[in-house]
Amino acid sequence: MILGLSIIISACLFLGLSAYKAFQYAQMPLHGRMELYPVPLEKERHIYGGSYMEEPQWWSKPREISKTAELIDMLKEMLFIKKLFDHQRSLWWASYIFHLGIYFLIAWMLLLITGALTDLAGASVNAHQTLWTAFLYYLTIFTGLVGFAITTAGAALLLLRRIFDPVLKKYTTLQEYFNLVLLLAALLSGIIIWSPDLTFETARQVTADVMTLSVVPNTALVIHFILLEVTFIYIPLSKMSHYVGKYFSFHKVLWENEPNLNGSEMENKIKNALGNKVYTLWSAPHMQEPSAK
Amino acid sequence: MMKEKDLRPKELGRPAEQLIHLDQLMPLSFPYDQPGMETDFPAVKPEWQEKYCTSLDGCVAIDTLTRPKTEEEEKEFIQQFLSGLGKVFSDANNSVLQPLKLSFEYCAKCNTCSDACHVYKGSGENELYRPIFRSDVFRKIFNQYFTSGGKLKKKFIGADIEVNWETVARLGELAYRCNLCRRCAQTCPLGLDNSLFAKEIRKIFSQEMGIAPTPLHAKGTMLQLKTGSSTGIGKAAFLDMIEFLEEDIEDRIGRKVKIPIDKEGADILLSHNAGEFVAWPENPAAFAILFEEAGVDWTLSSEMLGYDSVNYGIWYDDAQAKKVALKQMKVAKELGVKRMVIGECGHAHKALGVVADRYVYPEEKIPVESWIPIMWELVRTGRLRFDPEKNNFPVTLHDPCNMVRQMGIVQPQRNILKVIAPQFREMTPHGVDNYCCGGGSGFAIMSSPNFGQFRDKVSARMKFDQILRAFSDTIIDKSIPKYVCAPCSNCKGTIREILSHYQATDKFNVRYGGLVDLMVNGLASIDKPYLEFLSDQQI
């Protein structure tokens with residue numbers, strides 16, 4: 001029971017802590033404008049990096065915004081890590097297969113949960129029963145095999161790169177090595193546990209056991225679960241939570257070029273921000289003049 | 001002895017007369033790839049070593065950062081820095097808290113930013129100038145002093161740096177080895193910005209420790225707030241200059257142009273970098289000629305800060321930036337103009353057009369825009385007519401980072417050039433991907449005691465190479481003038497310095513100037529060449 005409960009709690013903590021982190025960033029005070037072009041929101045102009053400020057008297061004209069272009073750029077980053085592809089191809093290969101593998105493993109876990117629910121509902125997940133069960137059966141195998149293979153290969157390549165690249169190794173802290181080692185350990189323990197049954201029926205059964213809090217523990221499973229739980233809880237507390245940070249750095253900093261127009265929501269936000277009392281003061285002599293505070 | 005390329009962030013404070021030597025710079029393109037085309041760095045004078053922090057790379061950017069005389073002074077210096085470092089993540093720094101925390105927390109140190117940095121590349125890929133080097137030192141010091149935990153935890157998170165006077169002083173200097181051009185941020189897969197650390201270090205030095213380069217602070221924002229302009233020009237001198245400009249216009253083109261001053265309720269208040277009046281009066285004169293010819297309702301201001309659009313505060317001190325910007329806006333508001341238009345000055349564009357956009361309450365607001373879209377409108381609608389043959393020589397365009405990468409004003413200037421300059425060619429890369437001129441964030445105006453050398457040889461090196469490549473077809477032919485169009489005062493100043501440093505004007509007839517100067521030169525209605533270098537040359 002404890003083993004099932006602990007993995008559910010750690011998964012909830014992963015989601016909760018990630019959401020809390022996002023909440024913390026969202027609550028931060030309004031910052032100065034720091035947009036950097038191209039801003040994909042700029043309809044048509046984003047292709048060459050232009051903005052609404054290319055228009056004379058831009059404030060008197062309706063802004064031409066394209067949410068679709070923003071979404072496309074966002075997806076390019078999320079699905080392909082485009083900036084790394086464009087600017088550092090050699091690292092992109094390792095990073096991309098690693099991140100793509102994580103997407104596969106997330107899909108695999110969701111398929112295991114769906115499969116377990118299907119099993120618990122009485123319809124056994126196999127290749128022959130129905131189209132749905134066959135779909136779950138094959139897709140679970142595919143996502144699991146690809147996910148484990150490329151995530152592990154990617155993590156190993158990233159670790160090796162950090163160890164042997166003379167530049168990266170100068171800047172990598174013990175914690176940053178630990179992050180990759182922890183992920184690799186969780187992945188390898190998963191491979192050890194699940195590889196005897198590549199149809200993942202065992203994995204689906206254990207998932208069902210987790211959901212019914214009836215996991216039958218064995219040493220290997222306990223080790224894998226502990227590693228997985230530590231990883232779930234640790235990720236949102238570390239820089240590996242960049243899936244949260246990346247949203248803010250792009251959407252709220254680099255792509256945020258909302259002007260302070262009369263009657264706009266931004267005008268209100270600025271008014272409120274300017275009205276906030278500041279308690280910490282700088283100490284240089286010229287900062288002591290009333291206008292500096 | 002340790003190799004310079006093996007330098008690590010935690011060694012910033014290690015004892016050494018000079019941490020690195022700039023002796024293997026990026027090779028330049030033809031004809032500067034030939035032996036004897038470039039001089040070496042001059043030796044560092046012993047009196048500088050004694051007085052300033054020359055121990056980083058031999059150059060001195062912060063002339064107010066002097067060596068301590070006693071151990072107490074040394075301790076106080078470190079303490080002040082740490083006190084400021086703590087404030088960086090407090091409510092004292094609300095306007096940058098979110099972007100800074102993101103960059104502090106999430107940098108994966110993937111090193112993608114290095115290849116984007118013109119200082120790093122120009123230096124011959126010297127480790128010290130790698131964008132993550134500076135931010136890693138910042139991170140290490142912060143974690144050492146502001147993160148709880150024992151020795152083991154600190155080692156685990158990389159808080160392993162020895163902090164002494166040399167560490168802090170070198171870090172202060174290192175903050176002035178970044179032009180804040182933000183090209184690195186453009187390439188970051190996580191959308192983070194390493195230039196923020198350079199800016200925050202500069203802010204700690206200024207806002208907490210009262211230490212900033214004289215040209216930026218004492219002779220920059222302080223002088224501007226006191227006299228009305230960072231040039232020190234007062235109202236009377238400004239009005240004299242305008243009179244001189246009117247006479248000069250008449251001499252140059254044989255046309256009487258009355259420059260409107262303090263015209264209440266005008267459509268446009270044009271605000272120039274006051275350095276233009278002193279160093280390049282032909283530039284504000286060109287604006288006057290073009291606006292007069294197109295029948296624009298405009299004015300200049302003779303009020304304090306109204307005649308100088310510069311705002312050096314955005315490079316090193318948020319409070320100074322805000323004071324300057326608010327006063328500039330107040331002038332426009334009181335004059336009752338409909339809009340404020342910024343002339344050929346990149347950082348003034350960003351300061352008033354973008355940064356100050358979030359400084360003001362509704363009642364203080366005045367619309368701010370760039371001169372470029374307005375001028376393109378005048379060209380597009382035929383209010384200004386040109387004879388492009390007058391500009392029939394190679395022209396290339398420098399994209400000022402503040403206007404282009406940081407404001408998205410990319411196309412109108414190109415549209416104008418396509419109309420007026422038949423031999424216009426782009427630099428590589430260009431537009432939002434362009435390299436900084438090397439004078440950004442104050443470097444253009446910082447020369448003493450030897451910082452000009454760093455600018456000309458290292459930070460502006462990539463730009464000079466871009467210029468050489470843009471003119472590779474004609475560079476060797478001295479009879480053909482080649483024009484670098486730099487529509488920004490500081491960029492223009494930097495290009496002036498590099499052309500002089502490399503003797504590119506004397507040897508290869510490479511010239512520089514603004515866009516409006518080139519426009520006036522191409523005006524169909526004017527008979528004589530407006531660009532001085534054309535007077536003695538036949539195109």
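Over all pairs of different C-alpha atoms in the range B:385-535, the reciprocal of the mean inverse distance, the Kirkwood hydrodynamic radius, equals 15.5 Å.
Overall size of the protein assembly as shown from C-alpha positions, given as principal axis extents largest first: 97, 66, 58 Å. Helical content of the protein assembly as shown, expressed as a calculated mean residue ellipticity at 222 nm, amounts to -15000 deg cm²/dmol (DSSP H runs of 4 or more residues, -39,500 (n - 2.57) each, divided by residue number, nearest 500). A simple charge model with +1 on the Cβ of Lys and Arg, -1 on the Cβ of Asp and Glu and nothing else charged puts the dipole of the range B:358-432 at about 180 debye relative to its Cα centre. With r as the distance between the Cβ atoms of B:K507 and B:E246 and R0 = 22 Å, compute the FRET efficiency 1/(1 + (r/R0)^6) and round to 0.05. E(calc), rounded to 0.05, equals 0.05.
Remark: accessible surface ordering of A:I72, B:I253 (largest first) is A:I72, B:I253, probe radius 1.4 Å. Using Cα centres only, tell me the gap between the range A:69-147 and the range B:440-468 in whole Å. The two parts, judged by their Cα centres, are 50 Å apart.
A simple count of charges around A:S6, restricted to other residues whose Cβ falls under 15 Å of its Cβ and scoring Lys, Arg +1 and Asp, Glu -1, yields -2.
Once the convex hull of all Cα atoms in the range B:79-227 is built, its volume per residue stands at 128 Å³. Computed over chain A with a Gaussian network model linking Cα atoms closer than 10 Å, the most mobile of A:S95, A:S238, A:S189 is A:S238. Computed from phi, the 3J(HN,Hα) profile of the range B:382-397 under the Karplus parametrisation 6.51, -1.76, 1.60 (θ = phi - 60°) reads x, 6, 10, 10, 10, 10, x, 4, 5, 10, 7, 8, x, 10, 10, 10 Hz, with x in place of Gly and Pro. Think of chain B as having a plus end and a minus end, set by charges on the Cβ of Lys, Arg, Asp and Glu; of B:L180, B:M446, B:L245, B:L180 sits farthest toward the positive end of this dipole.
Mind jotting down a quarter of the surface of the convex hull over the alpha carbons of the range B:298-389, in square nanometres, one decimal? One quarter of the hull surface, i.e. the mean projection, equals 7.2 nm². Here B:H501 sits with roughly 40 square angstrom of accessible surface, probe radius 1.4 Å. Short-range pairs are left out: with C-alpha atoms under 8 Å and at least six residues apart, the relative contact order of the range B:301-404 is 27 percent.
Against chain B, whose longest principal axis comes from its Cα atoms, helix B:165-174 is set at around 30 degrees.
Which shape class applies to the range B:1-120: rounded if a/c is under 1.5, otherwise prolate when a/b exceeds b/c and oblate if not, where a ≥ b ≥ c are the square roots of the Cα gyration tensor eigenvalues? Judged from the Cα gyration tensor, the range B:1-120 comes out oblate (a/c at least 1.5, b/c at or above a/b).
Rounded to the nearest 0.05, what FRET efficiency do A:Y103 and A:K82 have when you use their Cβ-Cβ distance and R0 = 22 Å? Using R0 = 22 Å, I get an efficiency of 0.90.
Pairs of Lys residues in the range B:385-535 are counted when their Cα atoms are under 20 angstrom apart and they lie 8 or more places apart or on different chains; the count is 15. What the Kirkwood sum gives for the range B:217-376 is a hydrodynamic radius of 15.6 Å, with every pair of different alpha carbons counted. Mean separation of Cα pairs under 8 Å and 6 or more residues apart, divided by the residue count, gives chain B a relative contact order of 15 percent.
If you run the Gaussian network model on chain A, springs between alpha carbon atoms under 10 Å, then out of A:A153, A:A186, A:A127 the most flexible one is A:A127.
Here the Karplus curve 6.51 cos²θ - 1.76 cosθ + 1.60, taken at θ = phi - 60°, turns the phi angles of the range A:37-46 into couplings of 8, x, 9, x, 4, 6, 3, 6, 5, 5 Hz, with x standing for Gly and Pro. By the beta carbon rule, with partners counted only under 4.7 Å, chain B holds these lone Cys residues: B:C53, B:C59, B:C107, B:C110, B:C117, B:C178, B:C188, B:C345, B:C485. With a 1.4 Å probe rolled over the protein heavy atoms of all chains, the accessible area of B:T505, B:T54, A:T219 falls in the order A:T219, B:T505, B:T54, largest first. Comparing B:Y359, B:L225, B:P260 along the charge dipole axis of the range B:217-376, the residue lying farthest to the positive side is B:Y359, per the Cβ-charge model. Using a probe of 1.4 Å, the accessible surface attributed to B:D63 totals some 40 Å² when neighbouring protein chains are kept in position. Taking a point 7 Å from the Cα of B:V257 along the Cα-to-Cβ direction, the residues of the range B:315-347 with backbone N closer than 16 Å to it are B:343-344.
Take A:Y103: with every protein chain present and a 1.4 Å probe, its accessible area is about 90 Å². Taking 0.36 nm per residue of separation and subtracting the Cα-Cα distance, full extension of the segment from B:R383 to B:H21 would add 124.9 nm.
Once both labels are positioned 7 Å from their Cα atoms along Cα-to-Cβ, the gap between A:N276 and B:K219 label points is 3.8 nm.
Mind putting a number on the dipole of the range B:217-376 about its Cα centre? Charges go on the C-beta only, +1 for Lys and Arg and -1 for Asp and Glu, and I need it in Debye to the nearest 20. Write out the running numbers ahead of the final one.
Numbers: 18 positive and 25 negative charges, 132 e Å.
Here the size comes out at about 640 debye.
What whole number of Å gives the distance from the Cα centroid of the range B:293-312 to the Cα centroid of the range B:197-231? The range B:197-231 and the range B:293-312 have Cα centres spaced 23 Å from each other.
Give me a single rounded figure for B:99-107: the average over its residues of other chain Cβ atoms within 10 Å of their Cβ.
Mean inter-chain Cβ contacts per residue within 10 Å come to 6.
From the protein chains alone at 1.4 Å, what is the descending order of accessible area for B:K365, B:K51, B:K219, largest first?
Putting B:K365, B:K51, B:K219 in descending order of accessible area: B:K219, B:K51, B:K365.
Separation of the alpha carbons by more than 32 angstrom is noted, of A:K239/B:K199; A:K67/B:K323; B:K3/B:K199; A:K61/B:K256; A:K252/B:K226; A:K76/B:K109, for A:K67/B:K323; A:K61/B:K256; A:K252/B:K226. Tally Lys/Arg at +1 and Asp/Glu at -1 over every other residue whose Cβ is under 10 Å from the Cβ of A:R63; what's the total? For residues surrounding A:R63, the net value is -2.
Along the axis of the charge dipole computed for the range B:385-535 (Cβ charges of +1 for Lys and Arg, -1 for Asp and Glu, origin at the Cα centre), the listed residues B:S525, B:Q503, B:M403 are led at the positive end by B:M403. Two tests apply to each whole DSSP H helix in chain A, Cα reach of 24 Å or more along its axis and mean Kyte-Doolittle hydropathy of at least 1.0, and the ones passing both are A:2-26, A:89-120, A:131-164, A:174-194. Normalised by 2.2 N^0.38 Å, with N the number of residues, the alpha-carbon radius of gyration of the range B:168-236 equals 1.39.
Distance from the Cα centroid of the range B:338-372 to that of the range A:11-61 is 20 Å (rounded to whole angstrom). Applying 1/(1 + (r/R0)^6) with R0 = 25 Å to the Cβ-Cβ distance of A:R89 and B:T428 gives a FRET efficiency near 0.80. Sequence-distant contacts, meaning Cα pairs under 8 Å at least 6 residues apart, place the relative contact order of chain A at 28 percent. Kirkwood radius, chain B, all distinct C-alpha pairs, inverse of mean reciprocal distance: 24.2 Å.
The values are calculated or read from the model by the stated rules, or taken from the named source; none is laboratory data. Bear in mind the structure is a predicted one, so any value in this text is a computation, not a measurement. Positions of Cβ are backbone-derived with ideal geometry, glycine not excepted, and every protein chain shown enters the neighbour counts. The protein model used for the area step is the full one, side chains on, heavy atoms only, and it has no ligands, DNA or RNA in it. Shrake-Rupley method; radii C 1.70, N 1.55, O 1.52, S 1.80 Å.
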